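Visitor: There's a structure below that I have some questions on.
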Amino acid sequence: MADLKSTFLNVYSVLKKELLEDPAFEWSPDSRDWVDRMLDYNVPGGKLNRGLSVIDSYKYLKEGKELTEDEIFLTSALGWCIEWLQAYFLVLDDIMDSSHTRRGQPCWFRLPKVGLIAANDGILLRNHIPRILKNHFRDKAYYVDLLDLFNEVEFQTASGQMIDLITTLEGEKDLSKYTLSLHRRIVQYKTAYYSFYLPVACALLMAGENLDNHVDVKNILVEMGTYFQVQDDYLDCFGAPETIGKIGTDIEDFKCSWLVVKALEICNEEQKKLLHENYGKADPANVAKVKALYHELNLQGVFADYESKSYEKLIASIEAHPSKAVQAVLKSFLAKIYKRQK
């Protein structure tokens with residue numbers, strides 16, 4: 001795995017070098033240094049799960065055949081396109097959410113020399129994706145499908161982010177609209193498509209598959225993405241900041257979190273009143289009251305129950321799939337996230 005990761009990181013250096021010499025723009029030392037620093041700060045810093053899983057998935061689809069150097073490079077390039085997409089979303093998300101830390105360091109826009117230049121950096125990150133695809137996939141039969149895929153998933157993610165943002169609008173804080181179905185819709189569009197479906201869809205296209213024939217795979221991965229986000233919501237409150245790399249602020253931010261949705265479902269009128277009075281307030285005393293209520297309602301137990309039920313359901317859907325190679329792809333995804341701590 002370490003070997004795969006170092007190969008993957010080498011491909012990042014190649015792609016970055018190409019972007020910093022893109023002939024469509026006349027570079028100056030200043031602009032090149034800026035983009036170089038901006039990329040290093042925002043693109044390779046995470047766990048790289050999404051990117052690496054393109055290579056993993058493609059290997060499973062090839063059923064154990066040794067990948068050629070070209071295949072390793074191309075699957076890595078597609079993996080990096082997803083990491084670039086992720087970086088673009090996160091840079092802009094952090095501005096919108098007024099976040100402070102990301103991946104254990106200050107958010108890019110929080111750096112003194114950056115500020116709102118980060119908004120344009122986000123746009124640049126997004127525009128690097130078609131440059132990478134053009135450089136390496138232009139002659140492939142599936143080139144248009146790749147462009148379509150990235151465009152569609154980006155649209156779905158931005159639309160999910162929109163529902164999330166308009167739901168948490170200041171001055172319109174109404175907990176009663178927070179339901180499991182709203183939570184599910186936000187999660188499906190904002191997270192599941194780009195984090196779970198996109199890496200596998202990239203591998204399927206490279207393997208010569210038509211995505212229209214794999215709607216069932218998409219559905220299973222979207223389910224998995226939902227489960228992943230519920231874990232995220234749980235860790236935002238109950239995870240250790242030093243483990244998860246960020247300080248959770250879902251309560252302060254009035255987020256439509258799985259925890260608050262579940263709390264609303266199982267609490268009595270008095271507890272509901274306490275939630276309405278304290279949820280979405282920045283004061284640590286209010287946050288502490290919400291957390292105390294979560295403990296009182298045993299949301300840790302409710303989550304543990306949800307986790308095991310989701311796992312069983314996902315395993316059953318995966319094992320119903322006719323292709324053993326596709327089953328292996330899906331099971332490897334599930335193994336990575338089941339009972340994760342960060």
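The values are calculated or read from the model by the stated rules, or taken from the named source; none is laboratory data. Just so we're clear, the structure is a prediction, and the values are computed from it rather than from any experiment. Because the Cβ atoms are built from the backbone with ideal geometry, glycine has one as well, and the counts that use them run over all protein chains shown. Each accessible area value is taken on the protein alone, full model and side chains, heavy atoms only, with ligands, DNA and RNA left out. Shrake-Rupley method; radii C 1.70, N 1.55, O 1.52, S 1.80 Å.
Visitor: Need pairs with beta-carbon distance below 6 Å; first residue under 22 Å from Leu169 (Cα atoms) and within region 272-297, second hydroxyl-bearing (Ser, Thr, Tyr) and surrounded by 12 or more Cβ atoms within 10 Å (Cβ to Cβ); sequence gap 6+ or separate chains.
Guide: Between residues of region 272-297 that are under 22 Å from Leu169 (Cα atoms) and residues that are hydroxyl-bearing (Ser, Thr, Tyr) and surrounded by 12 or more Cβ atoms within 10 Å (Cβ to Cβ), the close pairs are Val290/Tyr279.
Visitor: Then there is this: Does at least one position in region 117-124 carry a residue that is within 20 Å of the chain's Cα centre (by Cα), surrounded by 14 or more Cβ atoms within 10 Å (Cβ to Cβ), farther than 26 Å from Leu20 by Cα and outside the structural domain of Cys267 (by the TED database)?
Guide: Taking every residue of region 117-124 in turn, none turns out to be within 20 Å of the chain's Cα centre (by Cα), surrounded by 14 or more Cβ atoms within 10 Å (Cβ to Cβ), farther than 26 Å from Leu20 by Cα and outside the structural domain of Cys267 (by the TED database).
Visitor: Could you list, in sequence order, the residues of region 253-266 that are farther than 17 Å from Leu165 by Cα and open to solvent by less than 30 Å² (accessible area, probe 1.4 Å)?
Guide: Leu259, Ala263, Leu264
Visitor: Next up: Mind counting the residues in region 68-95 that are farther than 19 Å from Val35 by Cβ and in contact (Cβ under 8 Å) with a residue 12 or more places away in the chain?
Guide: Here the count works out to 10.
Visitor: Across region 209-239, what is the total count of residues that are closer than 22 Å to Asn278 by Cα and aliphatic (A, V, I, L, M)?
Guide: Looking only at that region, the number is 2.
Visitor: Residues that are within 23 Å of the chain's Cα centre (by Cα) and farther than 30 Å from Tyr60 by Cα: find the helices (runs of 4 or more DSSP H) completely inside region 219-331 holding 1 or more of those.
Guide: 241-244, 258-266, 299-319
Visitor: Also, quick follow-up: Pick out, from region 1-117, the helices (runs of 4 or more DSSP H) lying fully within it that include 2 or more residues that are β-branched (Val, Ile, Thr).
Guide: 2-19, 49-61, 69-96
Visitor: Hey, does region 239-252 have a residue that's closer than 21 Å to Ser332 by Cα, of a type outside the set (Val, Ile, Thr) and either open to solvent by 30 Å² or more (accessible area, probe 1.4 Å) or not assigned by the TED database to the domain that holds Lys190 (or both)?
Guide: Residues of region 239-252 that are closer than 21 Å to Ser332 by Cα, as a first pass: none.
No: zero hits.
Visitor: Report whether or not Leu61 is modelled with pLDDT of 95 or more and either within 20 Å of Leu111 (Cβ to Cβ) or crowded, with 21+ Cβ neighbours inside 10 Å (or both).
Guide: no
Visitor: Among residues belonging to region 229-238 that are open to solvent by 30 Å² or more (accessible area, probe 1.4 Å) and touching a residue at least 60 places away in the same chain (Cβ under 8 Å), point out the one that is farthest from Ala201 (Cα to Cα).
Guide: Of everything passing the filter in region 229-238, Phe238 is farthest from Ala201 (Cα to Cα).
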